[in-house]
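Worksheet for the structure shown next.
The values are calculated or read from the model by the stated rules, or taken from the named source; none is laboratory data. Quantities reported herein were computed from a predicted structural model and do not represent experimental measurements. Neighbour counts run over all protein chains shown; Cβ positions are idealised from the backbone, glycine included. To get the accessible areas, we keep the full protein, side chains included, count just its heavy atoms, and leave off ligands, DNA and RNA. Shrake-Rupley method; radii C 1.70, N 1.55, O 1.52, S 1.80 Å.
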Amino acid sequence: MADEVKRKTPFGLSLVFPRKARYHGITMDQREFDVIIIGAGASGLFCAAECARRGRRVLVLDHAVKPAQKVLISGGGRSNFTNLNVSAEHYRCGNPHFVRSALARFTPRQVLDLVQGRGIAYYEKEAGQIFCRKSSREIVDLLESDCRRTGVLVLTGLSIESVRKESSFIVVTSNGPFSASSLVIATGGMSYPNLGASDMGYRLAKQFGLRIVPPRPALVPFLFSHAERKTFHQCAGISIDTNVTSGNRSFRGNILFTHKGLSGPAILQASLYWEQKTAITIDLLPGLDIAEAFREKRQSRMLIGNLLGTLLPKRFVQAWLDETLSTRPIVECSNKDLQALAHDLQHWLIVPAGTEGFKTAEVTAGGVDTDELSSKTMEAKKAPGLYVIGEVMDVTGELGGYNLHWAWASGYAAGQYA
Ligand code: FDA
């Protein structure tokens, strides 16, 4: 590429070294910067280019060899990179108002203008969800090329050994120490550890006295109890349009039976609002008045199981419905039985045994407590010069492009001040 020099060091360190950096007087030996960002993911790279546009000398450090790996796999390879309906209501955060300021300053329209300006084609899949038409690689290229153009130095494949604050922040790495007056934690969440996720952001924040809301997997499939697993094992692969309620939030969408439990968009959404040991409620026939359907067929000799088999997948009905009820003609059922069945179909209660955990969770809920941070700048109130952005914060978006949007919005906010 014309505007960059790629170098491999003997230690496997990967350098994306911008020519422009030389123009700014940065050399490979340079150790002092204005801003160091730990984490070359969505929020870190976005923030880096914003800082550099203000003339700041910026270094981004990452232990993974390739930057922005989660962006690359996001949206099944097409990155659902924003949502037209972005608003505070789609985020879970200890302080629900915290996100408002950053979201107002970096809107979905600005994201669309940015990608459109770079010739990236996109489309709205459903309910405001915006995906790349071709590939998420285009978003990663955008982030990397903005860093190159603005003279950001990105060092990957090194480990962070320690961080301390003297007159400036000193970050000691496997490639030696670097210093800067501003330090940005952009290490993301704990999900998908095989892609470089770690708990370093939480440890660093704690080191500087910031409170952490315990991290937990979110946007993640649920696990059945042992008994439910036995009952529903033959349902693996079945998908049903439902309405799932968790806490005080409801989500219309498909649930998908897996070998271990339940997945699918409505379940992933519900997991964000789920508390351990509580029940979720599933309406298996949303928008249908099943009690009325029973009344209409009150005199019919049709078997209950056969009637439900016209409304729901037969394999599921077999597993879900009590066998004696399934083989009973509707006319022989008592009103009480039919009422109870109608109620159960629209209020199927499940207490998940747990979730599939960080290995498959799309995001991590919890994180650095937002009360510790300025909602305008993302700077830590107790530690001037320290900024926290992206998923490592206690801000978690629903499924549908909200998490990447938060990475951009929080990175943009910090990028104006760090
Ligand atoms: P991000 O994870 O992007 O970057 C963190 C960086 O920090 C990584 O490069 C990591 O290597 C580095 N790091 C971590 N620990 C370190 C350490 N100890 N030392 C040095 N570096 C360290 N969201 C969305 O809105 N739309 C979507 O379509 C999807 N799809 C999706 C699919 C899958 C499978 C996953 C796992 C996630 C998504 N997401 C998503 C979520 C989205 O990818 C995520 O919220 C953002 O990438 C978060 O951006 P961050 O910059 O905070 O972290």
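A few notes on this one:
- Each residue, Thr107 and Ala127, gets one label point 7 Å from its Cα in the Cβ direction; the gap between the two is 2.3 nm.
- Relative contact order, whole percent, for region 241-315 stands at 29, derived from Cα pairs under 8 Å and 6 or more residues apart.
- Highest-MSF residue in the chain out of Ala270, Ala340, Ala49 [GNM, Cα springs under 10 Å]: Ala340
- For Asn175, nonlocal amide neighbours, meaning residues 5 or more places apart or on other chains whose placed amide H falls under 5 Å from its own, are Ser159.
- Added length on full extension, which subtracts the Cα-Cα distance from 0.36 nm per residue, Arg54 to His347: 100.0 nm
- Taking the charge dipole of the chain about its Cα centre, with +1 at Lys and Arg Cβ atoms and -1 at Asp and Glu Cβ atoms, the residue from Trp406, Cys51, Leu272 reaching farthest to the positive side is Cys51.
- Assuming charge only on the beta carbon of Lys and Arg (+1) and of Asp and Glu (-1), the dipole of the chain about its Cα centre is about 920 debye to the nearest 20.
- Point-charge dipole on Cβ atoms (K/R +1, D/E -1) for region 186-322, about Cα centre, debye to 20: 260
- Residue of Leu373, Leu308, Leu153 that the Gaussian network model of the chain assigns the largest fluctuation, springs spanning Cα pairs under 10 Å: Leu308
- The length gained by stretching the chain between Asn306 and Ala236 to full extension, at 0.36 nm per residue less their Cα-Cα distance, is 23.1 nm.
- Sequence-separation-based contact order of the chain, relative, with Cα cut under 8 Å and 6+ spacing, percent: 23
- Using a Förster distance of 41 Å, the FRET efficiency for Thr360-Gln299 (Cβ separation, nearest 0.05): 0.25
- The alpha-carbon of Lys206 sits under 18 angstrom from the alpha-carbons of these aspartates and glutamates, leaving out residues fewer than 8 places away in its chain: Glu161, Glu166, Asp369, Asp371, Glu372, Glu379, Glu391, Asp394.
- Summing Cβ point charges (Lys, Arg +1; Asp, Glu -1) relative to the Cα centre of region 331-384 gives a dipole of roughly 260 debye.
- Protection proxy ranking of 219-232, 287-300 - average other beta-carbon atoms within 10 Å, highest first: 219-232, 287-300
- Taking the protein heavy atoms of the chain in the context of the full set of protein chains, the accessible area attributed to carbon and sulfur is 52 percent at 1.4 Å.
- Tensor-based shape of region 170-209 (alpha-carbon gyration tensor, a/c under 1.5 rounded, otherwise prolate or oblate): oblate
- The string of couplings for region 177-192 from the Karplus curve (6.51, -1.76, 1.60, θ = phi - 60°) is x, 10, 10, 6, 6, 10, 10, 10, 8, 9, 8, x, x, 9, 6, 6 Hz, one whole number per residue in order, with x for Gly and Pro.
- Distance between region 386-417 and region 237-299 - C-alpha centres, whole angstrom: 30
- Mean residue ellipticity (222 nm) of the chain, computed from DSSP H runs ≥ 4 via -39,500 (n - 2.57), nearest 500: -8000 deg cm²/dmol
- Rule-of-thumb Rg ratio for region 115-243 [Cα; 2.2 N^0.38 Å; N residues]: 1.54
- Here the spin labels are modelled as points 7 Å beyond Cα on the Cα-Cβ line, and at Asp141 and Ala291 they lie 5.8 nm apart.
- Selection from Gln207, Gly196, Ser181, by position along the positive dipole direction of region 137-229 (Cβ): Gln207
- Efficiency of FRET between Asn335 and His97 - r from beta-carbon atoms, R0 35 angstrom, step 0.05: 0.10
- For region 72-167: rounded, prolate or oblate by the Cα gyration tensor [a/c cutoff 1.5]: oblate
- Share, in percent, of DSSP beta bridges within the chain that are antiparallel, nearest 5: 75
- For Thr187, the accessible surface of its heavy atoms amounts to roughly 30 Å² (probe 1.4 Å, protein chains only, rounded to the nearest 10).
- Selection from His343, Val392, Gly309 lying farthest towards where the dipole of the chain points positive, charges on Cβ: Val392
- Computed FRET value (nearest 0.05) for Ser174 with Asn248, which takes r as the C-beta separation and R₀ as 60 Å: 0.80
- Region 128-161 versus region 52-124: alpha-carbon centroid distance in Å: 11
- Taking region 41-133 and dividing mean pair separation by its residue count, relative contact order in percent (alpha carbons under 8 Å, at least six apart): 27
- Between Glu89 and Val65, the contour length at 0.36 nm per residue exceeds the Cα-Cα span by 5.1 nm.
- For the chain: rounded, prolate or oblate by the Cα gyration tensor [a/c cutoff 1.5]: prolate
- Spin-label model distance (nm) - Asp371 vs Arg31, 7 Å beyond Cα toward Cβ: 4.0
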